[in-house]
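Chemist: Here you go, one structure.
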């Protein structure tokens, strides 16, 4: 195992539920970015009792992993959230925060050391808690109306090659051929998004936010409000 995982440091946060959950309750891994300019301030916020936020693991730019809440306690990282039939995903997830300034502060590529730690930590947790690949998701997947993290620079495709999460099976050539070709039946597309796991949006503005979250995850090359045949084909291949 990677040395950063073996030599994991501890900096406990007080922001968690006191009642311990059973190991079988853990069914999701949720990735976040910190969205703050300063890594030190992000770490401080996640351990500050007044912030009311935390995570189970914090991954620094240098790849170092800090455990902030033990796995079997409910950390406060997901907030109001929805995926498939589950709501308030704090209850049954492990939250991993990755140091990155995010979209509001000059969003950066994740460092190679961070990516190595993400892969090894996720693989370990996935095996330990028997988490399905389709249940390894991002904050923007479960809260698309208010969140963009971990964003379009997160290495989902690479993680899928390591059998950690889902990715589509379309070739690059097929994707480019279908890109920007507007589909006629958007209602059917949004129904499929809901079937896949995303929340059911009530109006066009919210539907676009959900759609953009899907693109950040599965078509990061182009994030657009136009529902096209490429995204339709990607979604069908996933389902």
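Chemist: Among 104, 114, which is the only one that is in contact (Cβ under 8 Å) with a residue 12 or more places away in the chain and in contact with a strand residue (DSSP E or B) (Cβ under 7 Å, 6 or more places away or on another chain)? Spell out how you get there, then give the answer.
Modeler: On the way: 104 fails: in contact with a strand residue (DSSP E or B) (Cβ under 7 Å, 6 or more places away or on another chain).
Within the list 104, 114, the selection yields 114.
Chemist: Within the range 160-178, is even one residue within 15 Å of the chain's Cα centre (by Cα) and in a helix (DSSP H, G or I)?
Modeler: Checked the range 160-178: at least one residue is within 15 Å of the chain's Cα centre (by Cα) and in a helix (DSSP H, G or I).
Chemist: Need the failing condition index for residue 213 against (1) touching a strand residue (DSSP E or B) at 6+ places or on another chain (Cβ under 9 Å); (2) crowded, with 16+ Cβ neighbours inside 10 Å; (3) more than 24 Å from residue 139 (Cβ to Cβ), just the number.
Modeler: Only one criterion is unmet by residue 213, namely (3).
Chemist: Take the residues of the range 148-181 that are farther than 15 Å from residue 115 by Cβ and in contact with a strand residue (DSSP E or B) (Cβ under 8 Å, 6 or more places away or on another chain): which is surrounded by the most Cβ atoms within 10 Å (Cβ to Cβ)?
Modeler: Filtering the range 148-181 for residues that are farther than 15 Å from residue 115 by Cβ and in contact with a strand residue (DSSP E or B) (Cβ under 8 Å, 6 or more places away or on another chain), the one surrounded by the most Cβ atoms within 10 Å (Cβ to Cβ) comes out as 149.
Chemist: Regarding the range 72-89, can at least one residue be identified that is closer than 14 Å to residue 150 by Cβ and buried (at least 24 other Cβ atoms within 10 Å of the Cβ)? Lay out the reasoning, then the answer.
Modeler: Just the residues of the range 72-89 that are closer than 14 Å to residue 150 by Cβ, to begin with: 77-78.
Now restrict to residues that are buried (at least 24 other Cβ atoms within 10 Å of the Cβ): 77-78.
Scanning the range 72-89, I find at least one residue that is closer than 14 Å to residue 150 by Cβ and buried (at least 24 other Cβ atoms within 10 Å of the Cβ), so the answer is yes.
Chemist: Please go through the range 225-239 and pick out each residue that is loosely packed, with under 15 Cβ neighbours inside 10 Å and under 19 Å from residue 170 (Cβ atoms).
Modeler: Narrowing the range 225-239 to residues loosely packed, with under 15 Cβ neighbours inside 10 Å: 225-226, 236-237, 239.
Residues satisfying the conditions are 226, 236, 237, 239.
Chemist: If the requirement is being within 30 Å of residue 195 (Cα to Cα) and modelled with pLDDT under 95, which of these qualifies: 27, 85, 7?
Modeler: Answer to the selection: 85.
Chemist: Output the residue which, of all residues in the range 202-220 that are in contact (Cβ under 8 Å) with a residue 24 or more places away in the chain and part of a loop (DSSP other than H, G, I, E, B), is nearest to residue 175 (Cα to Cα).
Modeler: 219
Chemist: Separate question: Just the residues that are more than 20 Å from residue 238 (Cβ to Cβ) and either in a helix (DSSP H, G or I) or in contact (Cβ under 8 Å) with a residue 40 or more places away in the chain (or both), please, taken from the range 126-145.
Modeler: Step one: filter the range 126-145 for residues more than 20 Å from residue 238 (Cβ to Cβ), giving 127-130, 145.
Passing the criteria: 127, 128, 129, 145.
The values are calculated or read from the model by the stated rules, or taken from the named source; none is laboratory data. The structure displayed is predicted, hence computed values, not measured ones. In this analysis, Cβ positions are derived from the backbone assuming ideal geometry, glycine residues included, and neighbour counts consider all displayed protein chains.
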